[in-house]
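Report on the structure given below.
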Amino acid sequence: MTDINQALPLYDIANQIDRLRFQMRALPASIPSVSAAFAPIHTLTGIITKVSDEVSRRLAGHISSNEAKAIDAFGDAFIQLGEAVTELGCLHAEVAFFNFTTYPTHRGSSPDLERLTRKPEEVISGCREAADAILETAAGELRAAAVKLAPPPARARATTPSPHATDSEPRLSTPTSPPPPGGPGVTPRAVKSR
């Protein structure tokens, strides 16, 4: 396999993680519904399954040096994704407890309900911030590993001049995507503590 064939799945998983982070930010600032809180866990489970499939596929045959680098990157990401599952699981548990226990018991008493809402909101906010930081780090490290194997395809095409253009003709530029967040020049931030 070529370097780009090893790099593309790393870029793909990093992009999926970024989409998951946007999904998490779409959760309401107050306590979300149980189904809304579960949606990011469902998405993250799919990402973890894909990472596992990528590693299994590479381990099934002869492992080149570039495949070994990709396996290492996926292995590191697997650990971080597991940590994010833990945070989102805590978030979901807090949401479920509030919606099925606290709210039905105290919905007739506004002052009590307001007081009892504060702690779950703090826990939910802390879990979401911790999961976001973990996922940001995972996506950044996957991209950094991918860049070592091959540059992003769109960027590589954009830097290649058109073979039909001459010095007197204007060159058509290939549109490029903006640099990914957490790229090779960005140091992933530390995971926030609650």
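Identify all residues within segment 71-80 that are small (Gly, Ala, Ser) and loosely packed, with under 15 Cβ neighbours inside 10 Å; write none if there are none.
Taking segment 71-80 first, the residues small (Gly, Ala, Ser) are 73, 75, 77.
Scanning segment 71-80 gives a single hit, Gly75.
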Is there a residue in segment 155-165 that is among the hydroxyl-bearing types (Ser, Thr, Tyr), at pLDDT 80 or above and open to solvent by less than 50 Å² (accessible area, probe 1.4 Å)? no
Is it the case that Thr101 is under 20 Å from Glu141 (Cβ atoms) and hydroxyl-bearing (Ser, Thr, Tyr)? no
In the set Thr86, Thr105, the lone residue that is assigned to a helix (DSSP H, G or I) and farther than 30 Å from Ala60 by Cα is Thr105
Does at least one position in segment 81-99 carry a residue that is within 22 Å of the chain's Cα centre (by Cα), surrounded by 15 or more Cβ atoms within 10 Å (Cβ to Cβ), at pLDDT 95 or above and polar (S, T, N, Q)? no
By residue number, the members of segment 47-70 that are surrounded by fewer than 19 Cβ atoms within 10 Å (Cβ to Cβ), within 23 Å of Ala131 (Cα to Cα) and either touching a residue at least 24 places away in the same chain (Cβ under 8 Å) or in contact with an Asp or Glu (Cβ under 9 Å, 6 or more places away or on another chain) (or both) are Ile48, Lys50, Ser52
Please enumerate the residues belonging to segment 1-45 that are over 20 Å from Ala130 (Cα atoms) and within 12 Å of the chain's Cα centre (by Cα). Leu10, Tyr11, Asp12
Out of segment 108-152, which residues are part of a helix (DSSP H, G or I), more than 15 Å from Gly89 (Cα to Cα), over 11 Å from the mean Cα position of the chain (by Cα) and aliphatic (A, V, I, L, M)? Leu113, Leu116, Ala144, Ala145, Ala146, Val147, Leu149
Criterion violated by Gln23 - all others in (1) surrounded by 13 or more Cβ atoms within 10 Å (Cβ to Cβ); (2) within 30 Å of Glu114 (Cβ to Cβ); (3) touching a residue at least 40 places away in the same chain (Cβ under 8 Å) satisfied: (3)
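The values are calculated or read from the model by the stated rules, or taken from the named source; none is laboratory data. Keep in mind that what you see is a predicted model, and the values were worked out from it rather than measured. Cβ coordinates were reconstructed from backbone atoms using ideal geometry, including for glycine residues, and neighbour counts include every protein chain displayed. The protein model used for the area step is the full one, side chains on, heavy atoms only, and it has no ligands, DNA or RNA in it. Shrake-Rupley method; radii C 1.70, N 1.55, O 1.52, S 1.80 Å.
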